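Worksheet: one structure, shown below.
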Amino acid sequence: GRLHDFDIWFLDEEKDVVDSIFSSGHMGSRKTFSTDYVNARYVKIQLRDTNCLQLGEVGIYGYLAGDTIPVESLDVLTLGADAARCWSTKGSRILLTSDTYEWDDSQYAIVADVPNGADGKLHMLPLPKKKTAADETFGFPDFAVEVALLDRSLVIRGEKEGSDSEFANLGGHFIVLHTPHVHQHLEGALLQNMGQQGRLGRYPLHFHMSESVH
């Protein structure tokens, strides 16, 4: 449902305010806030409209920058071995469709930075709304919650040598060669540490003898 306008205060060990954020009302089940103050330890939330009181539930999950969330505090999503292995990249977003009659009662989970996928399960950052291991389908499989990977991130990364190495300017080399009659399409990929300085034809992305290239 809609949350009213509210203020967030970050407090230190002495409960003194070190940072504050104002947030306007919004629809949805998740909103993320952060502070650059390393000494922030507590969070205080207060609605702007104190005359409006509605029943509801707010879950707050926080951790120190640079630290990892304890595994026991993470949620677990069971997908099966194939999907879990392919979807285990940290930070990936996985959509969980609504498990109620409300069309907008969906949410997305974020894959945590821990070893994942080996047993068909993924550790996720804590979900705002918990889902049971077996959702009620009312006898019809079409009522089951569905999952979908929202990110299609593809990273092509070359080895990176230290700055004092003779190979410091030599990265990876991605080449498509001698395919004049084969359609090639590359989209949505991130190239890191690619290209080889000082070497002829060793570009980060190289189409060689492929004729028409767009």
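Computed 3J(HN,Hα) for segment 207-213, one whole-Hz value per residue from the Karplus formula 6.51 cos²θ - 1.76 cosθ + 1.60 where θ = phi - 60°, is 9, 10, 6, 9, 6, 5, 10, glycine and proline marked x. Between R202 and S153, what is the FRET efficiency for a Förster distance of 22 Å, r being their Cβ-Cβ separation, to the nearest 0.05? My answer for the efficiency is 0.30. The solvent-accessible area of D119, taken with every protein chain present and a 1.4 Å probe, is close to 110 Å². Charged neighbours of T89, selected by a Cβ distance under 14 Å, balance to +3 (K, R count +1; D, E count -1).
When the residues L11, L190, L122 are ordered by accessible surface, computed with a 1.4 Å probe over the protein chains alone, the sequence from largest down reads L190, L11, L122. Measuring with a 1.4 angstrom probe and ignoring ligands and nucleic acids, K44 comes out at about 100 Å² accessible.
Each Lys or Arg adds one and each Asp or Glu subtracts one; over the other residues with Cβ under 10 Å from the Cβ of D7, this totals +1. With each label point set 7 Å from Cα along the Cα-Cβ vector, what nm distance links L177 and D113? The answer from the label model is 3.8 nm. Ordered by 1.4 Å accessible area with all protein chains kept, K129, K121, K90 run largest first as K90, K121, K129. When the residues I8, I156 are ordered by accessible surface, computed with a 1.4 Å probe over the protein chains alone, the sequence from largest down reads I156, I8.
The amide H of R48, built 1.01 Å from its N in the peptide plane, has D5, F6, D7 as neighbours under 5 Å, considering only residues 5 or more places off or on other chains.
With the simple spin-label model, which puts each label point 7 Å out from Cα in the Cβ direction, the N193 to V43 separation comes to 3.4 nm.
The values are calculated or read from the model by the stated rules, or taken from the named source; none is laboratory data. Note that the structure is predicted; figures quoted are calculated from it, not measured. Cβ atoms come from the backbone with ideal geometry, glycine included; neighbour counts cover every protein chain shown. The accessibility values were calculated without ligands, DNA or RNA, using every heavy atom of the protein model including side chains. Shrake-Rupley method; radii C 1.70, N 1.55, O 1.52, S 1.80 Å.
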